[in-house]
Amino acid sequence: MRVIFLGPPGVGKGTQADFVAEKYGIPKLSTGDLLRESVANGTSLGTEAKGYMNRGELVPDAVVIGLVEEKLGSPDCQKGFLLDGFPRTVTQADQLSTYLTSRGEALDQVVYFSLSKDEIVRRISGRRSCPDCKAVYHLESVPPKREGLCDSCEKALIQRSDDKPETIESRLAVYQEQTAPLIEYYKAQNILGELNGAGSVSTVQDRLVALLGQPRVE
Ligand code: AMP
């Protein structure tokens, strides 16, 4: 299964991507996670990406495309993959399509997560994560058992620098301008499925399984 998760920041793609990757036995590739890892490791790619990320802008296409193609070329992506947060521009989508076609592959489905702006802002501002195991919490809806500490590694939870209120608006504007056109792009290819991202994590999981179908037993 080759799937893309499309939608604005804070809509729940990352949380649901972990669920789908496990349930359907496919690797999850999150460009946001890969870029944050590069920043944390101080690689040259990370150094280049950091400023864009902190400003809530997109990292240049060439950088992200190179990163994704390298990962998609690995053996564990041969049978399928889930892309979370990529593509984010029409150029990225075109490049992905060229890359897959060159390998005789095609996308099965693009899941478009929709949610009201108020709820997106509420979710992003309350989001906290563990710097160690990357577990994600929400101050109100998914609080850790002990305030401010990760349930599994007990590290102090942090707020992503680009989740601060001053950056949220610019990320949403960037999404509208550069990523939202992909809704029509994939609709025209008849592979877009819309998913209502409102409600609890398990409610959205049920909707996702209804959309993607039960995993095939091999
Ligand atoms: P995310 O974790 O998906 O919200 O991504 C965090 C940040 O990483 C974004 O605001 C961008 O700066 C950068 N980023 C992630 N994915 C992409 C992409 N496909 N293209 C360009 N920049 C990206």
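Computed values, structure above
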item: Mean separation of Cα contacts under 8 Å, 6 or more apart, over the residue count of the range 64-218: relative contact order %; result: 27
item: Exceeding the 24 Å Cα-Cα cut-off - candidates K71/K164; K13/K79; K23/K155; K79/K155; result: K71/K164; K23/K155; K79/K155
item: Cβ charges +1 (Lys, Arg) and -1 (Asp, Glu), total dipole of the chain, debye; result: 300
item: Gyration tensor verdict on the range 116-185 (Cα atoms; rounded if a/c is under 1.5, prolate if a/b is larger than b/c, oblate otherwise); result: prolate
item: Extended-chain gain in nm, criterion 0.36 nm per residue less alpha-carbon gap, C153 and N41; result: 38.3 nm
item: Cα gyration tensor shape for the range 8-80, rounded if a/c is under 1.5, else prolate or oblate; result: oblate
item: Global form of the chain, assessed from the alpha-carbon gyration tensor, a/c cut-off 1.5; result: rounded
item: Distance from the range 1-77 to the range 154-204 (C-alpha centre basis), Å; result: 13
item: K134 versus A198: modelled label distance in nm, points set 7 Å from Cα along the beta carbon direction; result: 3.1
item: For E57, net neighbour charge (Lys/Arg +1, Asp/Glu -1) across residues whose Cβ lies under 14 Å away; result: -2
item: Cα lying deepest toward the dipole's positive end in the chain, options G56, S125, T98, charges on Cβ; result: S125
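Read-outs throughout are calculated quantities, based only on the coordinates presented, and are distinct from any laboratory measurement. No experiment lies behind these values; they were computed from the predicted model shown. With ideal geometry, Cβ positions are generated from the backbone for all residues, glycine too; neighbour counts draw on all protein chains shown.
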